[in-house]
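One structure is given below, encoded as C-alpha cells.
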Amino acid sequence: MGRSRREGAAAPAPSSAALDRLPWRPCVGVTLINPRGLIFAGQRIDSEVPAWQMPQGGVDRGEAPEAAALRELKEEIGVGADRVEMLDATPDWLRYDLPPEIVPRIWGGRFRGQKQRWFLMRYLGRDDEITLETEHPEFSAWRWIDAETMLAGIVSFKRPIYDKVIARFRPWLA
C-alpha cells in the first residue's frame, strides 16, 4: 500500500505540458580559478552521493547578475569582491531543465530549471581565507581541480551547461 502525500510520498512529476509552462529560475554561476588555472569545486552538503559543483545561486529581484555572482561567492565560500578579479562572462543566459521527477522537490515546483549567467573570476586570496562555515553552508568540502575533472564530476543534467562554460573560459583554465 502506497503512502499518502501527507505521510511523505513524493509529489508526482508534472506532465511535459505543465513543465513547458514553467519558467526558468534566474541564476548565476562562478568559475573561480586560482593562479594556476584550477577551478574551485565544492561538494554539495545536501547530496547523498558525491556532487561537486562550482558556486552558483539565484538572482534576487532587481539584482544585476554580476552583483549576484559576487554575493554568492561571499555567501557560499566567504570570498569578498576584494579577493577576486573579473576576467570574463558568458554573453547570454544558458538554460537547463531539471529532470521532471526533481521539479516538485526544488524551489517549490515553480521552475522547470535554471537560466544562468556565468562569470570567470581569478581568486587573489589565500586558500586559508576560503571558508565553508557560512551562515547557510552549501558545501561540505572543497578542492581545486582541472576542467576535465570538473566536467566528469557534475550531475548529468547540468553537464551541457558546464560544457559551454568550460569551452568559453578554456583559455584561462588548466
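The values are calculated or read from the model by the stated rules, or taken from the named source; none is laboratory data. This structure is a prediction, so every number in the text was calculated from the model and none was measured. As a convention, Cβ positions derive from the backbone with ideal geometry for all residues, glycine included, and neighbour counts pool all protein chains shown. Ligands, DNA and RNA are stripped out before the accessible areas are found, and what is left, the full protein with its side chains, is counted by its heavy atoms. Shrake-Rupley method; radii C 1.70, N 1.55, O 1.52, S 1.80 Å.
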(request) Report the antiparallel proportion of the DSSP beta bridges in the chain as a percent, rounded to a multiple of 5. (result) 70
(request) Summarise the accessible area of segment 9-74 (1.4 Å probe, protein heavy atoms) by the percent that is carbon and sulfur. (result) 55
(message) Report the Rg/Rh value for segment 54-147, based on alpha-carbon coordinates and the Kirkwood definition of Rh.
(response) 0.98
(request) Hey, can you find the accessible area per residue of the chain for me, probe 1.4 Å, expressed in square angstrom? (result) 54
(message) How high is the relative contact order of the chain? Use alpha-carbon pairs under 8 Å, at least six apart in sequence, and give a whole percent.
(response) 33
(request) Please identify the longest segment of the chain free of exposed GluC sites (Glu not before Pro), where exposed means a DSSP state other than H, G, I, E or B and no more than 15 other Cβ atoms within 10 Å. (result) 1-47
(request) Using every pair of alpha-carbon atoms in the chain, split the distances into 5 Å bins beginning at 0 and state the percent of pairs per bin, rounded to integers. (result) 1, 8, 16, 20, 21, 15, 9, 5, 3, 2, 0, 0
(message) If I take every Cα pair under 8 Å that is 6 or more residues apart in segment 1-104, average their sequence separation and divide by the length, what percent do I get for the relative contact order?
(response) 28
(message) Need one value: the accessible area of ARG126 in square angstrom, 1.4 angstrom probe, rounded to the nearest 10.
(response) 140
